[in-house]
Amino acid sequence: MAFDWRTDWKRPALWGAGFGVAATLTLFVGFALIHWYTSRPKAWNADVLKGISSTASQYFSFDESDKVSKFKGDGFDVSFIVENKTGKDFTLQQNTIFYKREVKSQALEEIRLTLGHPYAIPAHERAEVVARIESSCREGDSDTGIIRERDGKECFKDALGDISEFVAFDYDSRIRLNLPKPSFYAGTESTSKTSSNGIAPDNAKPWDEAWACSEAQRLTPICKQSKIELDQARASADGWTPVGPLPTLLRPPMGLVLDPSVETCTIMYQWDYYCRKKGMNK
């Protein structure tokens, strides 16, 4: 059969056009799949950090003119001991979001726990991470109009008594951190503090007591000059400390020192009063 270029050229042209359309569609679908895979959120990684323990202690504001109580319970500082299980340093960001898991429903609900600053946790080390929640302990009687300051344990039960654990999410690094339910620390425990679970100068080994008092002597003037929690400084200088043992802090690794944060300065004022009373600080 003779080749008629006027009619038979259409068949290869149609084949070529079909192949080009198919190739274009294949590339489009391929690029779409790549875009979907690379833009989807990363899975939460729960293997980087591990929550070891947690305790909650009440924090106060001081008002000389307050007729109910000069020391007003404003909330709780929840101290978590967190372990970095990796070989790289990790920084838990200040915008980390905390959730509580309710005992009855086991559902997660966002809770207003906030970090005062980012926390650096060295590789294969444990560090203390302190989160704060506001929760007033004031209670008024509608019939009598009398306002009273409730007991710290009672306030703790209302604020944090209905949870089985905390779960923290660092959205910047997609890190998930499960944290145990805190126990309320009211200063009644008599267990010895060590450098692994926190120390205080009133219940520590001699070398840890010396370190605590030297840090209090170094940081107290820095905290005052920075005007950090000056009401707490005045209260501690007048001899006020929480009922029972002093609050504890983890001793940082060798070569590192404590920073004058709000939490640290509040504790340093109390440590400094204790150390001066014992004659260890001037």
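Each value in this text was obtained by applying a stated rule to the coordinates, not by laboratory testing. None of these values were measured; they are calculated from a predicted model. So basically every Cβ, Gly included, is an ideal-geometry build from the backbone, and we count neighbours across all protein chains shown.
For residue 94 and residue 45, compute 0.36 nm times the residue count separating them, minus their Cα-Cα distance, and round to one decimal in nm.
Working: separation 49, 0.36 × 49 = 17.64 nm, distance 1.81 nm.
That pair, residue 94 and residue 45, stretches by 15.8 nm at full extension.
Rank the residues 251, 234 as a footprinting-exposure proxy: fewest other Cβ atoms within 10 Å of their Cβ go first.
234, 251
So which of 227/278; 104/205; 50/157; 157/277 end up more than 32 Å apart, counting from Cα to Cα?
104/205; 157/277
Could you list, in their original order, any pairs among 72/100; 72/224; 72/153 whose Cα atoms are separated by more than 18 Å? Please list the in-between numbers first.
Values: 72/100 25 Å; 72/224 21 Å; 72/153 14 Å.
From 72/100; 72/224; 72/153, over 18 Å: 72/100; 72/224.
I'd like the FRET efficiency for residue 154 and residue 231, computed as 1/(1 + (r/R0)^6) with the beta carbon distance as r and R0 of 25 Å, rounded to 0.05.
0.55
Given the peptides 102-108, 78-84, arrange them by the average over their residues of other C-beta atoms within 10 Å, most packed first. Don't skip to the answer; put the middle values down first.
Values: 102-108: 10.7, 78-84: 20.7.
Ranking the peptides 102-108, 78-84 by packing returns 78-84, 102-108.
Can you tell me how much longer the chain between residue 108 and residue 163 gets when fully stretched, taken as 0.36 nm per residue apart minus their C-alpha distance, in nm with one decimal?
Contour length minus Cα-Cα distance gives 18.8 nm.
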